[in-house]
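The values are calculated or read from the model by the stated rules, or taken from the named source; none is laboratory data. Bear in mind that the values here come from a model prediction, so they are computed numbers and not experimental data. Using ideal geometry, Cβ is built from the backbone for each residue, glycine included, and neighbour counts are taken over all protein chains shown.
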Amino acid sequence: MPLVGDTLGFLTRPVDLFNKKQRRYGNVFKARLFGRTGVYLLGAEANKFVLVEQARSCSSQEGWRFPIGELFHGGLMLRDGEEHKQHRGILQAAFKKEPMRQYLEVMAPIVDRRLAAWGEQTPLRVFPAVKALTLELAGKVFFDLDFSQDLASLSQAMADLVAAATTLVPFNLPFTQYRRGMKGRQLLQEYFGRVLHERRQAPATDMLSHLSQAEDADGRRLTDAEIVDHLIFFLMAAHDTTASTLTSMVYELAAHPEWQDKVRAESQAVCPGPAGLEPTHLPQLEQLGYVMDESLRLHPPLILIPRYTTQELVYEGYTIPAHTHVSVLLYHNHRTPTHWSAPDQFDPLRFAAGRAEHRKCPFGYAPFGAGQHFCLGFAFAEMQVKLVMHHLLRRFRWQLPAGYQVEFASIPIQHPKDGLPIVLETV
Ligand code: HEM
């Protein structure tokens, strides 16, 4: 169909669409989505080729322009080449050891308070509850603002903006989520600009303050407008991805109660007292780490990564012309039987030393991407996920409602279609 192409299949069942294409055409095929014909590549080698070896000829900025370029202009993923490298070098200051310790300290009481309220909801819908939590955490960690209290309009603007990034109709038309997102962006930009001005006078421990002081080896700093653009992008990059990961983990631990018991026992052993989780505890939550890895393998929040070729490329005998949309498919690589034993089964120990299946196919496992645009917030995401899971495990035991069958939606972000109802019981 010349206009619609594969769009309907992509919007309703993207995994099935790509499976069908792969069966018919192999690991390199075309699809027509939203009026654009793109090339889709499968396999660990394709990830390496596009994201690493040919990164200079595969623009991230142009790849992501549709659908998020306008909403998140100036964000790190929407920059290429030298400029990207320089900005990334400065932004890294916000993820160093001491700032990370401060973020952990700030997040713990919020997680504790929010989770206490979860116990009153039966069944609890996990995905919306976790999204509200991660948004509140982002407000506090990034800007030292309390969105749960008196900043309702700002909180709504943030929610509108991140929702616009994942809308199924990403066009700037009246009365759409996308249009609300653009209005939200404008409000946030003005407000965060004023907060940044204050933080420059009196720095706090939030990310905005750290970035207001950050500089690269040549002493170059980011302008106020650049910092605000980056943090608005962080809001989106950090929010739904982490919420998706936490939801998948809650689901898998409900479906595999023996693993839930195992990681609860680990949490109790690693941090037994009422005192909070310290950065040194995080690597000790080893089994929980495997559960996170395995949940990200089975349910990667992003099922594909888009790029745009700036010059002609040849991959496995196929010529991909310049100015072509080209995407690598993460989900499918995570379930390839040639790389993973029993790929559809939940088996966290496949990531444990000794087996380490992910190391046997470098680039095949890439929930955080690869190459120069590898997720900048990877360590932050791991810390936040472990913190929330630690509190959840210590406070509750949970199970799925009787007879429940989960169905995941894969775009724009992986999540259970019904939000995932669970039944909580106090430990
Ligand atoms: C489990 C949670 C997360 C997942 C699965 C995830 C996944 C990803 C992926 C796949 C990319 C690469 C996209 C590409 O190559 O085009 C990426 C990039 C990025 N992520 Fe994450 N992310 C997560 C959490 C976070 C958090 C918490 C933050 C910030 C605090 C963050 C900030 C970023 C940034 C800034 C980039 C762009 C890096 C660059 O362009 O150099 N992410 N993320």
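Looking only at residues that are more than 18 Å from GLY75 (Cβ to Cβ) and within 16 Å of the ligand (Cβ to nearest atom) in segment 188-214, which one is surrounded by the fewest Cβ atoms within 10 Å (Cβ to Cβ)?
Among residues in segment 188-214 that are more than 18 Å from GLY75 (Cβ to Cβ) and within 16 Å of the ligand (Cβ to nearest atom), the one surrounded by the fewest Cβ atoms within 10 Å (Cβ to Cβ) is THR205.
Go through (1) assigned to a loop (DSSP other than H, G, I, E, B); (2) out of contact with any Phe, Trp or Tyr (no Cβ under 8 Å at 6 or more places or on another chain) and name the single condition VAL406 misses.
(2)
Considering PRO300, PRO306, which residue is in a loop (DSSP other than H, G, I, E, B), within 12 Å of the ligand (Cβ to nearest atom) and surrounded by 20 or more Cβ atoms within 10 Å (Cβ to Cβ)?
On the way: PRO306 fails: in a loop (DSSP other than H, G, I, E, B).
Within the list PRO300, PRO306, the selection yields PRO300.
Need the failing condition index for VAL130 against (1) within 16 Å of the ligand (Cβ to nearest atom); (2) under 25 Å from ILE227 (Cα atoms); (3) touching a residue at least 60 places away in the same chain (Cβ under 8 Å), just the number.
If we test VAL130 against (1) within 16 Å of the ligand (Cβ to nearest atom); (2) under 25 Å from ILE227 (Cα atoms); (3) touching a residue at least 60 places away in the same chain (Cβ under 8 Å), just (2) comes out false.
Residue pairs, Cβ under 6 Å, 6 or more apart or interchain, first in segment 66-83 and within 14 Å of VAL169 (Cα to Cα), second part of a loop (DSSP other than H, G, I, E, B). List them.
Between residues of segment 66-83 that are within 14 Å of VAL169 (Cα to Cα) and residues that are part of a loop (DSSP other than H, G, I, E, B), the close pairs are PRO67/PRO170.
Read through the list (1) modelled with pLDDT under 95; (2) part of a helix (DSSP H, G or I), then give the number of the only condition that PRO337 fails.
(2)
Kindly provide the set of residues from segment 375-386 that are more than 7 Å from the ligand (Cβ to nearest atom) and either of a type in the set (Lys, Arg) or crowded, with 22+ Cβ neighbours inside 10 Å (or both), ordered by number.
LYS386, the sole residue that qualifies.
Just for helices (runs of 4 or more DSSP H) wholly inside segment 65-180: which have at least 2 residues that are farther than 30 Å from ASP218 by Cα and hydroxyl-bearing (Ser, Thr, Tyr)?
Working: elements: 81-91, 97-118, 126-143, 152-165.
Filter on segment 65-180 gives 152-165.
Hey, can you tell me all the residues within segment 352-369 that are in contact (Cβ under 8 Å) with a residue 12 or more places away in the chain, away from the ligand (no atom under 15 Å from the Cβ) and not in a loop (DSSP other than H, G, I, E, B)?
GLU357, LYS360, listed by residue number.
If we scan segment 215-230, do we find a residue that is in a loop (DSSP other than H, G, I, E, B), within 14 Å of the ligand (Cβ to nearest atom) and among the aliphatic types (A, V, I, L, M)?
Taking segment 215-230 first, the residues in a loop (DSSP other than H, G, I, E, B) are 215-223.
Now narrow it down to the ones that are within 14 Å of the ligand (Cβ to nearest atom): 222.
Next, only the ones that are among the aliphatic types (A, V, I, L, M) stay: 222.
The answer is yes; a qualifying residue exists.
When you check LEU41 against the structure, is it among the aliphatic types (A, V, I, L, M), within 11 Å of the ligand (Cβ to nearest atom) and buried (at least 19 other Cβ atoms within 10 Å of the Cβ), yes or no?
Values: among the aliphatic types (A, V, I, L, M): yes; within 11 Å of the ligand (Cβ to nearest atom): no; buried (at least 19 other Cβ atoms within 10 Å of the Cβ): yes.
Judged against the criteria, LEU41 is not a match.
Being among the basic types (Lys, Arg) and surrounded by fewer than 19 Cβ atoms within 10 Å (Cβ to Cβ) is the filter; apply it to segment 326-374 and report the residue that is farthest from PHE66 (Cα to Cα). Outline the logic, then answer.
First pass over segment 326-374, keeping only residues among the basic types (Lys, Arg): 335, 350, 355, 359-360.
Filter once more, keeping what is surrounded by fewer than 19 Cβ atoms within 10 Å (Cβ to Cβ): 335, 355, 359-360.
Details: ARG335: 27, ARG355: 39, ARG359: 33, LYS360: 34 Å.
By that ranking, first place goes to ARG355.
How many residues are among the hydroxyl-bearing types (Ser, Thr, Tyr) and part of a helix (DSSP H, G or I) when one looks only at segment 25-64? Steps first, please.
Taking segment 25-64 first, the residues among the hydroxyl-bearing types (Ser, Thr, Tyr) are 25, 37, 40, 57, 59-60.
Subsequent filtering for residues that are part of a helix (DSSP H, G or I) retains 25, 57, 60.
Qualifying residue count for the region: 3.
Please specify each residue of segment 393-408 satisfying the condition of being touching a residue at least 12 places away in the same chain (Cβ under 8 Å) and away from the ligand (no atom under 16 Å from the Cβ).
Filtering segment 393-408 for residues touching a residue at least 12 places away in the same chain (Cβ under 8 Å) gives 393-401, 404, 406, 408.
Residues satisfying the conditions are LEU393, ARG394, ARG395, PHE396, ARG397, TRP398, GLN399, LEU400, PRO401, TYR404, VAL406.
Six or more apart or on different chains, Cβ atoms under 7 Å: show the pairs whose first residue is in segment 141-165 and modelled with pLDDT of 90 or more and whose second is in a helix (DSSP H, G or I) and away from the ligand (no atom under 16 Å from the Cβ).
These pairs meet every condition: PHE143/VAL195.
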